[in-house]
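Participant: The structure follows.
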Amino acid sequence: MAYLLGIDIGTSGTKTVLFDIQGNSVASALGEYPLYQPHVGWAEQNPEDWWNATVSTIQAVIHKSGVKAEDIKGIGLSGQMHGLVLLDKDHNVLRPSIIWCDQRTGKECEQITELVGKEKLIEITANPALTGFTASKVMWVKNHEPELYEKATKILLPKDYIRFMLTGEFATEVSDASGMQFLNVAERKWSDEVLTRLGIDKVLLPEVYESQEVSGRVSSRAAKLTGLAEGTPVVGGGGDQAAGAVGNGIVKPGIVSSTIGTSGVVFAYTDKVTIDPYGRVHTFCHAVPNTWHVMGVTQGAGLSLKWFRDNFCMPEKETAELMEVDPYYLMDQQADKVKPGCDGLLYLPYLMGERTPHLDPDAKGVFFGLSARHTRRDMLRAVMEGVSYSLKDCMEIIKGMGIEVNEVRASGGGGKSKLWKQMQADMFNADIVTINSSEGPALGVALLAGVGAGIYSSVPEACEAAIKRVNTQSPIAENVSIYNKYYQVYGNLYRALKDQFKTISEIINTK
């Protein structure tokens with residue numbers, strides 16, 4: 001029997017899942033690792049941690065499943081987007097990876113915009129210069145750590161570092177490469193013009209593949225470490241959002257996904273390059289050949305709830321440990337006891353700045369409307385509602401671009417919460433659909449691997465074989481009305497506080 005392996009190198013951990021060719025999960029394993037924040041707004045991880053987690057989870061999955069290594073016909077890689085990995089001439093990591101949510105590169109974004117030109121940058125890369133993207137991180141290293149940059153011989157993304165460790169090949173694919181801001185998104189290849197204007201040698205970048213193409217094969221060294229069979233094909237894979245979209249069946253018009261992971265993403269398929277002239281949402285190559293996607297991103301989605309859990313929910317964590325359940329399950333029960341709107345308590349989820357719709361690295365998290373009658377329980381629900389309002393921001397822009405939205409599919413950790421899905425149904429005023437798999441990116445890249453291995457003839461065919469709708473939550477009319485009123489206040493709060501966010505950042509950064 002044939003099996004497919006999906007490896008998702010996330011922010012909090014690497015998840016490896018083994019699937020059969022019907023898309024059923026056979027075995028899975030998670031390896032966690034830390035995130036380092038040496039300064040306010042900085043976010044770094046050690047690539048070696050990703051590799052160690054990859055090795056251990058592959059070993060665990062093979063052991064749990066009892067599947068023979070030679071029956072694993074293909075491997076797909078997904079990963080957190082935008083992270084910068086620099087390798088030296090001996091292929092050693094030069095510095096900790098500056099990851100997607102790092103906000104240190106505001107001045108570099110201004111530099112990129114000046115060097116390339118605002119309109120030209122959007123024309124070529126489909127996006128304005130952003131602190132989250134890889135290009136600004138590369139420029140930061142050039143500006144602040146020139147001695148390290150001079151030693152660099154390769155610039156890689158997180159999942160592509162894992163690809164190198166598995167195969168010895170330097171490669172990436174179009175969906176993840178789109179988020180570097182070095183790619184001509186319409187032509188699906190590196191932009192010589194952008195690279196020249198930024199003074200970056202193209203030889204530093206890996207070869208670009210389509211997501212389902214075989215990009216390398218498991219080396220003898222990696223086979224010995226992991227238990228995989230030497231020569232097993234590894235396909236291009238996808239950035240976590242494109243991979244998760246394939247795992248949700250977002251491979252044709254009208255179906256949109258709403259994902260709550262560490263970040264939150266509303267993701268829509270399009271068969272042509274569709275660009276928001278204001279740069280509020282991202283346009284990238286999709287993991288389906290000759291298609292693209294538009295996505296709005298809120299930086300602090302699941303991150304906000306995790307922050308609240310870790311700092312204010314010790315009773316739930318202790319009780320959950322005794323009950324052997326997830327603390328989020330108990331937190332859901334607490335939040336569900338609070339009525340929609342939280343009696344006027346609103347939360348802005350800008351713990352790591354914001355992308356959609358504000359593009360503001362200085363934005364900060366806010367509780368607004370707090371009164372003496374509010375409790376911890378109200379604050380918990382307000383966090384969940386604030387994240388949902390931010391996803392509504394994304395959805396409204398996508399609709400405004402004329403992109404068809406007929407069905408919304410929930411995914412990520414937030415897709416497991418019935419309460420969070422109901423909030424989204426009420427705020428979007430649309431049905432929220434859950435599919436038969438919650439594995440998202442891991443399933444998506446496993447399906448891409450199946451196409452590369454010849455098990456499926458195309459990505460849509462792979463999705464048809466593996467993905468089924470299992471549940472639908474419809475909006476509650478009364479809640480729709482309540483949330484529409486509060487949403488207007490939510491939107492006004494950012495505009496009222498924008499200048500103060502900047503002032504606070506200036507104070508913090510004054511030395």
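The values are calculated or read from the model by the stated rules, or taken from the named source; none is laboratory data. Keep in mind that what you see is a predicted model, and the values were worked out from it rather than measured. Cβ coordinates were reconstructed from backbone atoms using ideal geometry, including for glycine residues, and neighbour counts include every protein chain displayed.
Participant: Return only the number of the condition from (1) more than 19 Å from the chain's Cα centre (by Cα); (2) not in a loop (DSSP other than H, G, I, E, B) that Val256 does not satisfy.
Facilitator: Failed condition: (1).
Participant: While we're looking at this one, here's another question. Could you check region 282-365 for strands (runs of 3 or more DSSP E) lying wholly inside it with 1 or more residues that are under 20 Å from the mean Cα position of the chain (by Cα) and closer than 27 Å to Val246 by Cα?
Facilitator: 282-285, 292-298
Participant: Has region 455-474 got at least one residue that is touching a Pro at 6+ places or on another chain (Cβ under 7 Å) and at pLDDT 95 or above?
Facilitator: No, region 455-474 has no match at all.
Participant: Identify all residues within region 307-339 that are on the phi > 0 side of the Ramachandran plot and polar (S, T, N, Q); write none if there are none.
Facilitator: none
Participant: Further, regarding this structure: Which residue, of Asn471, Asn479, is touching a residue at least 24 places away in the same chain (Cβ under 8 Å), under 30 Å from Met1 (Cβ atoms) and either buried (at least 16 other Cβ atoms within 10 Å of the Cβ) or polar (S, T, N, Q) (or both)?
Facilitator: From the options Asn471, Asn479, the qualifying one is Asn471.
Participant: Out of region 202-215, which residues are crowded, with 24+ Cβ neighbours inside 10 Å and touching a residue at least 60 places away in the same chain (Cβ under 8 Å)?
Facilitator: Within region 202-215, Ser211, Gln212 meet the criteria.
Participant: Okay, moving on. When you go through Arg377, Arg373 one by one, which is the residue that is surrounded by fewer than 17 Cβ atoms within 10 Å (Cβ to Cβ), part of a loop (DSSP other than H, G, I, E, B), at pLDDT 95 or above and out of contact with any strand residue (DSSP E or B) (no Cβ under 8 Å at 6 or more places or on another chain)?
Facilitator: Exactly one of Arg377, Arg373 is surrounded by fewer than 17 Cβ atoms within 10 Å (Cβ to Cβ), part of a loop (DSSP other than H, G, I, E, B), at pLDDT 95 or above and out of contact with any strand residue (DSSP E or B) (no Cβ under 8 Å at 6 or more places or on another chain), namely Arg373.
Participant: OK, next. Taking the stated definitions as given, is Lys120 of a type in the set (D, E, K, R), over 19 Å from the mean Cα position of the chain (by Cα) and not in a loop (DSSP other than H, G, I, E, B)? Give the steps one after another, and end with the answer.
Facilitator: Working: of a type in the set (D, E, K, R): yes; over 19 Å from the mean Cα position of the chain (by Cα): yes; not in a loop (DSSP other than H, G, I, E, B): yes.
For Lys120, the condition - of a type in the set (D, E, K, R), over 19 Å from the mean Cα position of the chain (by Cα) and not in a loop (DSSP other than H, G, I, E, B) - is met.
Participant: If a residue has to be surrounded by 24 or more Cβ atoms within 10 Å (Cβ to Cβ) and acidic (Asp, Glu) to count, how many in region 216-270 make the cut?
Facilitator: 1
Participant: Could you please give the count of residues in region 360-399 that are more than 27 Å from Asp431 (Cα to Cα) and either touching a helix residue (DSSP H, G or I) at 6+ places or on another chain (Cβ under 9 Å) or of a type in the set (Ser, Thr, Tyr) (or both)?
Facilitator: 16
Participant: If I ask for residues that are assigned to a helix (DSSP H, G or I) and either in contact with a Ser or Thr (Cβ under 7 Å, 6 or more places away or on another chain) or not assigned by TED's automatic domain parsing to the domain that holds Ile162 (or both), which ones from region 48-95 would you list?
Facilitator: Of everything in region 48-95, those that are assigned to a helix (DSSP H, G or I) and either in contact with a Ser or Thr (Cβ under 7 Å, 6 or more places away or on another chain) or not assigned by TED's automatic domain parsing to the domain that holds Ile162 (or both) turn out to be Trp50, Ala53, Thr54, Val55, Thr57, Ile58, Gln59, Val61.
Participant: Just the residues that are surrounded by 22 or more Cβ atoms within 10 Å (Cβ to Cβ) and not hydrophobic (A, V, I, L, M, F, W, C), please, taken from region 394-416.
Facilitator: Arg409, Ser411, Gly412, Gly414, Gly415
Participant: Of the conditions (1) touching a Ser or Thr at 6+ places or on another chain (Cβ under 7 Å); (2) surrounded by fewer than 24 Cβ atoms within 10 Å (Cβ to Cβ), Trp292 satisfies every one except a single condition; which number is it?
Facilitator: (2)
Participant: In region 119-134, what residues are out of contact with any Ser or Thr (no Cβ under 8 Å at 6 or more places or on another chain) and at pLDDT 95 or above?
Facilitator: The answer is Lys120, Phe133, Thr134.
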